[in-house]
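The values are calculated or read from the model by the stated rules, or taken from the named source; none is laboratory data. Values in this document were obtained by computation on a predicted structure and should not be read as measured data. Accessible surface areas use protein heavy atoms only, side chains included; no ligands, DNA or RNA. Shrake-Rupley method; radii C 1.70, N 1.55, O 1.52, S 1.80 Å.
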Amino acid sequence: MGLTPELLTVLASEAPSGLLPARQQMALSLGWHIILACFGVALPAMIFVLHWRGVVKGDAEALVLAQRWAKSSAVLFAIGAVSGTVLSFEMGLLWPGLMGPFGDVLGLPFAFEGLSFFVEAIFLGIYLYGWGRMPPRAHLLTILPMALAGVAGTFSVLSVNAWMNNPDGFRIVDGEVVDVDPWAAMFNDGVFLMFAHMWVAAFMVVGFTVAGVYAVGMLRGRTDRHHRLGFTVPFGFATVAALVQPLIGHVLGLRVAEAQPAKLAAFELAETTEQPAPLRLGGLLIDGEVRWAIDIPKIGSLIARNSFDKPVPGLDQVPPDQVPPVNITHLAFQSMVGIGTLLALAVVVFWVARWRRRDLTGSRWFLRFVAVSGPLAIIAMEAGWVATEVGRQPWVVWQVLRTEDAATDNPYLWWTLAGTVVVYTAMTVAAYVVLRSMARRWRDGEADLPSPYGPDALTAPAGDGRR
């Protein structure tokens, strides 16, 4: 099923001139922003656990961590606000063929996402300003609206993507979109599983990333309680997420078998329909032939169909003009699953060793692995998005609107792509410089604003005048 030079020429002549740069710019923007979105979803829950421990248990070190993580979260939130604004403009500028006819269908979740953003920003500001100015438990509770707003905003955005894979809430009559039901579009058949998959992925990304920061500190000899607590809390969240994620992914995969068989065939590198189907590890499809794959009999049917003997549909059942880019989809899917499995095994090893009274935080090899686990989790998440989005091609809205028909025909989009690369590179450097500067000043002992119930108050000797 290779592309001949003649076919490439035909495709290039039929595709809008803005299609390729629009795809590249959207991939860059979404791939960059989704990392920041993970912190908006998961980090408030971790801050809440630490702040609760500080207030209820009188743990001064937990309050130190809560305050510092909140300030770091504010930096990431500010940068995420910029990238999110860029995305909101890109949807209309890059994909007028989608937003023009389907704007009424998708307007509701985008409105909820905007509202959630403002609620999250407001309560983040209240939480940051509230140190030393609010009663302890009231201050603690301000985290909850912030956390819920982050989850609600993520659900709203994911409902749009789920709708692209499971279009609902409209009819097309004589080429016009009619009978729009935005609630049905937002709560389509695939939204809850897709949201659960991404929500748990956010906790994996943030949990492993934050734990990795403190693992690096421990590798450098900082084995005090501050670093141990900073490691344990996010690693605990990451543990639950890493063990739950394969179950959610399996259920989601079963649904793909029914709803998008072409995507499943690409996932499994199934050139033809096989019953039972093997699990293919690695491999590429070259000139219609699978090469360099390792086949494990029957496991493909078990994973894709929850049975040892049910067939997995092959690419031979897909019309030639609707076959997705197979190799990219297959490798991205296997990268996601492979890294996710590795991280799940790592957390099991850690807790089993701890149950047997062996602390792996004393192992430099384990700390090195945790140090890279955050980037690994990010790669797995990005690979998952590549698999689901590329695997849906050539459709931007499944079986309704082709991607080439949704893209703009503006031939100058390469300039906006170059500008986006510059802006996002600058924001990445700025975030790194600011967060490194904050971390350095904290290590040097720079004190935060004293709080009547904060770290200084809880550790101060009686009668020093602080309450």
> Where the centre of each part is set by its Cα atoms, how far does the stretch 318-362 sit from the stretch 216-253, in angstrom?
Replying inline: 15
>> Given the DSSP H assignment, sum -39500 (n - 2.57) over each helix run of at least 4 residues in the chain and divide by its residue total; what's the result at 222 nm in deg cm²/dmol, nearest 500?
In response: -24000 deg cm²/dmol
> Tell me, what is the 1.4 Å probe accessible area of THR361, in Å² to the nearest 10?
Replying inline: 10
>> Relative contact order of the stretch 12-75, please, whole-number percent, based on alpha carbon pairs below 8 angstrom and at least 6 residues apart.
In response: 25
> Expressed as an acute angle from 0 to 90° and rounded to the nearest 10, what is the orientation of the C-alpha long axis of helix 5-14 relative to the principal long axis of the chain?
Replying inline: 70
>> So, taking all protein chains as they sit and a 1.4 Å probe, how much accessible area belongs to ASP168, in Å² rounded to tens?
In response: 70
>> With a 1.4 Å probe and all protein chains left in place, how much of the accessible area of the chain comes from carbon and sulfur atoms, in whole percent?
In response: 66
> Using the heavy atoms of the protein chains alone and a 1.4 angstrom probe, what is the accessible area of the stretch 218-262 per residue in square angstrom?
Replying inline: 45
> Put ARG53, ARG356 in order of accessible area, largest first, 1.4 Å probe: what do you get?
Replying inline: ARG356, ARG53
>> Could you tell me how far the Cα centroid of the stretch 363-395 sits from the Cα centroid of the stretch 57-122, in Å?
In response: 22
> Over the chain, what is the mean sequence separation of C-alpha contacts under 8 Å (at least six apart), divided by residue count, expressed as relative contact order in percent?
Replying inline: 21
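Taking only C-alpha pairs under 8 Å that are 6+ residues apart, what is the relative contact order of the stretch 316-382 in percent?
Value for the stretch 316-382: 40 percent.
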> When all protein chains stay in place, what accessible area (Å², nearest 10, 1.4 Å probe) is found for TYR432?
Replying inline: 140
>> Please enumerate, by chain and number, the lysines with C-alpha under 18 Å from the C-alpha of LYS298, excluding those fewer than 8 residues away in the same chain.
In response: LYS310
